[in-house]
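The values are calculated or read from the model by the stated rules, or taken from the named source; none is laboratory data. These numbers were taken from a predicted model, which means no experiment stands behind them. Reconstructed Cβ throughout: ideal geometry from the backbone, glycine too, with neighbour counts over all protein chains shown. Heavy atoms of the whole protein, side chains included, go into the accessibility calculation; ligands, DNA and RNA do not. Shrake-Rupley method; radii C 1.70, N 1.55, O 1.52, S 1.80 Å.
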Amino acid sequence: FGTPNAPEEPETDGETDEYLLWRILQAQRGTDAGLALWLAWYPRLSAREIVALTWDAVDLRAGVIHLPNREVSLTKAVCGVLVEARARRGERAYVIASPTGAPVNEARLSVMLRELLLRGGIEHKTLRTLLADASRRQDEERLLSLARRRGSVTLRAAADELGVPKNTA
């Protein structure tokens with residue numbers, strides 16, 4: 001399985017954070033905290049979804065996680081990380097589990113992720129703010145692409161492109 005390409009050398013704060021995050025993901029892929037970070041970053045699982053995630057919900061052949069209210073597609077890189085984790089963890093029911101096999105709680109997961117970000121040089125952000133920044137950049141890119149295709153963008157077109165109400169757009 002492949003890994004995502006490294007982002008270009010950083011120029012701005014957001015790009016610096018993304019570059020540092022990519023380095024953390026690569027370095028920590030064999031740890032529970034690293035696996036949780038992969039699940040939070042690429043398929044954008046919430047802390048609640050990560051701690052409740054069981055191996056029964058993960059379909060590695062199809063590259064999909066079946067959650068109660070949605071299905072989440074996985075990248076090849078995330079599938080690779082999950083394959084490695086499955087091989088290390090054996091028959092535990094939960095993807096991220098304590099040594100006893102019980103799921104970790106959200107508070108413990110939050111601490112694990114915050115420690116990982118701090119050790120990786122991202123002191124000024126939380127995972128939530130990193131995800132929000134990345135989502136905002138993706139929305140901006142989608143709108144710029146729409147503007148390039150159309151020449152201009154109306155509020156209605158922006159709202160439709162982002163799947164949000166007009167007042168949010």
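Quick notes on this structure:
- Per-region count, the range 143-165, residues modelled with pLDDT of 85 or more and either assigned to a loop (DSSP other than H, G, I, E, B) or touching an Asp or Glu at 6+ places or on another chain (Cβ under 8 Å) (or both): 7
- Leading residue by the ranking (modelled with the highest pLDDT) among those in the range 65-77 that are over 19 Å from Gln28 (Cα atoms) and open to solvent by less than 20 Å² (accessible area, probe 1.4 Å): Ile65
- Hits in the range 97-112 (condition: modelled with pLDDT of 85 or more and open to solvent by 30 Å² or more (accessible area, probe 1.4 Å)): Ala102, Pro103, Asn105, Glu106, Ala107, Arg108, Ser110, Val111
- Pairing each residue of the range 113-124 that is open to solvent by less than 20 Å² (accessible area, probe 1.4 Å) with any residue that is assigned to a loop (DSSP other than H, G, I, E, B), provided the two are 6+ apart or on different chains, yields C-beta distances under 9 Å for Leu113/Thr126; Leu116/Gln28; Leu116/Thr31; Leu116/Ile122; Leu117/Glu123; Leu117/Lys125; Leu117/Thr126.
- The residues of the range 130-161 that are open to solvent by less than 80 Å² (accessible area, probe 1.4 Å) and within 19 Å of the chain's Cα centre (by Cα), listed by number, are Leu130, Leu131, Ala132, Asp133, Ala134, Ser135, Arg137, Asp139.
- Each residue in the range 45-54 was checked for being touching a strand residue (DSSP E or B) at 6+ places or on another chain (Cβ under 8 Å) and surrounded by fewer than 17 Cβ atoms within 10 Å (Cβ to Cβ), and 1 pass.
- Screening Gly120 on (1) modelled with pLDDT of 90 or more; (2) under 15 Å from the mean Cα position of the chain (by Cα) shows it passes everything except condition (2).
- Unmet criterion (only one of (1) farther than 20 Å from Gln28 by Cβ; (2) in a loop (DSSP other than H, G, I, E, B)) for Arg137: (2)
- Considering (1) over 26 Å from Tyr19 (Cα atoms); (2) of a type in the set (A, V, I, L, M); (3) assigned to a helix (DSSP H, G or I), the lone condition that Leu116 does not fulfil carries the number (1).
- Cross-chain or 6+ apart pairs with Cβ under 9 Å, the range 78-96 first and surrounded by fewer than 19 Cβ atoms within 10 Å (Cβ to Cβ), then among the charged types (D, E, K, R): Gly80/Arg29; Glu84/Arg29; Ala93/Asp56
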